[in-house]
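Laboratory data are not the source of any read-out in this text; all were calculated from the coordinates shown. All figures in this text were calculated on a predicted structure; none of them were measured in a lab. Note that we place each Cβ from the backbone using ideal geometry, even for glycine, and neighbour counts take in every protein chain shown.
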Amino acid sequence: MGFDVFPSRVVTWYIGKMFAVRILAVLVLLVLVLQALDLLSESGKILAPPGNGQAELLTYASMRIPQLISRFLPYSVLLATIVTLMTLNQNSEVISLKAAGMSAVQILAPLFLVSFVVSLATLGFNERFVTRSTATLKAWQAAEYGLLPSAGIVKTNLWLQDGANIMFASAVEGQGDQTRLIGVTWYRRNPSGMVSDIVRSPLATFARPGWRFADPVSFEVQSARIERSATPRIYATGVAPSQVLIRKADPEAESLPALSRSIAAMQEAGSRTSELEGKWWHKLSGPLSALLMPLLGAVAGFGLARSGQLFIRAVIGMALGFAYFVVDNAALAVGSFGGYPPFLSAWGPFFLFLLIGTTVLLRTEE
């Protein structure tokens, strides 16, 4: 048995099932509490537009829940690890397993197996659901919870340079010549750099060249004169759809293939992409952080329960787990302004705490 990675099938199923149930229980508890608090803070803004009601609150919750699941699933794995190992330790099951000839690695193997499945599921869940819900929610928030945006929204709150002039779009949908700008404002600037005219439109489509503003409303700053037109007019002839693609990439709202295309487009345009490259790598290292949690929390499972140090060991395990998340966020922030290479900012904390967790486990096992 000493050369087997996993214990017997019965023990593997017993520990793995216990661990998976606790992950689910902790995750549901965290998501319910955090979603309730989030709704309390956002319900006033959601219900502010005329006609919004309970359906919009449920819609908001359906968009936020995938984000909460993705963000707090690693925390759930950490807490479930500590609870599972403390239970096994208090019931003397760890001592019994070790007396049967099992090593610490074999006892932790079912936890690593479940964590690996959770990591793969998280990666797929992020790519399939979280990116889409994030993109739609950001577009809806940019519209101040007014009309719910369509599924084609790809970017929000976009500023574009039109020579000396500036154009803003609250949301963008479509690609290429089929790009549509929603909630558009165009600012004409005089030679001194001051804004002389402001033109607003609910929708703008690409006119090859320029953008065709539907129902434009223009405001002349000097005379304070407002002019409304039922005929579409063309503005921002210096803005092309390719600028919309490379101007603003949102890693949280783009899948790995979409973010790869955005990075390639920005590199071709000569833009800096180190921050986006770090976020690209973090889309892989982030879900795999669940694999570290059994190792960092394992200190709670080894050592005699009657020694009176079980609680202290649990606190140490929690401290190691939360320290990983702090260092991970810090490394990502430093990498965003070029302090670390993109790969190191995303994977450095993972390998660092892999070594720390292994060292702590070997030094504290009795």
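For region 174-190, putting each phi into the Karplus relation 6.51 cos²θ - 1.76 cosθ + 1.60 with θ = phi - 60° gives couplings of x, 9, x, 5, 8, 5, 10, 9, 10, x, 9, 9, 10, 10, 8, 10, 7 Hz, in residue order, rounded to whole numbers and with x for Gly and Pro. Taking every C-alpha pair closer than 8 Å and separated by at least 6 residues, the mean separation divided by the residue count of the chain gives a relative contact order of 16 percent. The mean sequence distance of close C-alpha pairs (under 8 Å, at least 6 residues apart), as a share of the length of region 153-273, puts its relative contact order at 19 percent.
Cα centroids of region 77-125 and region 158-184: 51 Å apart. Remark: region 28-41, residue by residue, has Karplus-estimated 3J(HN,Hα) of 4, 4, 5, 5, 5, 5, 5, 5, 5, 5, 5, 5, 4, 7 Hz, where x stands for each Gly or Pro and the curve is 6.51 cos²θ - 1.76 cosθ + 1.60 at θ = phi - 60°. Seen against the Cα atoms of the chain and their longest principal axis, helix 131-142 is set at about 40 degrees. Just want to confirm a number: the relative contact order over region 1-97, from Cα pairs under 8 angstrom separated by 6+ residues, in percent. Averaging sequence separation for qualifying contacts and normalising by length gives 38 percent for region 1-97. Taking amide H as placed 1.01 Å from N in the peptide plane, I234 has its amide H under 5 Å from the amide H of F213, each at least 5 places away in sequence or on another chain. 3J(HN,Hα) couplings calculated from phi for region 42-57 with the Karplus curve 6.51 cos²θ - 1.76 cosθ + 1.60 (θ = phi - 60°) are, in sequence order, 9, 4, x, 5, 5, 7, 5, x, x, x, 6, x, 5, 4, 5, 4 Hz; Gly and Pro show x. Note that region 153-273 carries a Kirkwood radius of 15.1 Å, evaluated over its alpha carbons pair by pair.
Packing here is the average count of other Cβ atoms within 10 Å per residue, and on that basis the peptides 163-173, 288-298, highest first, run 288-298, 163-173.
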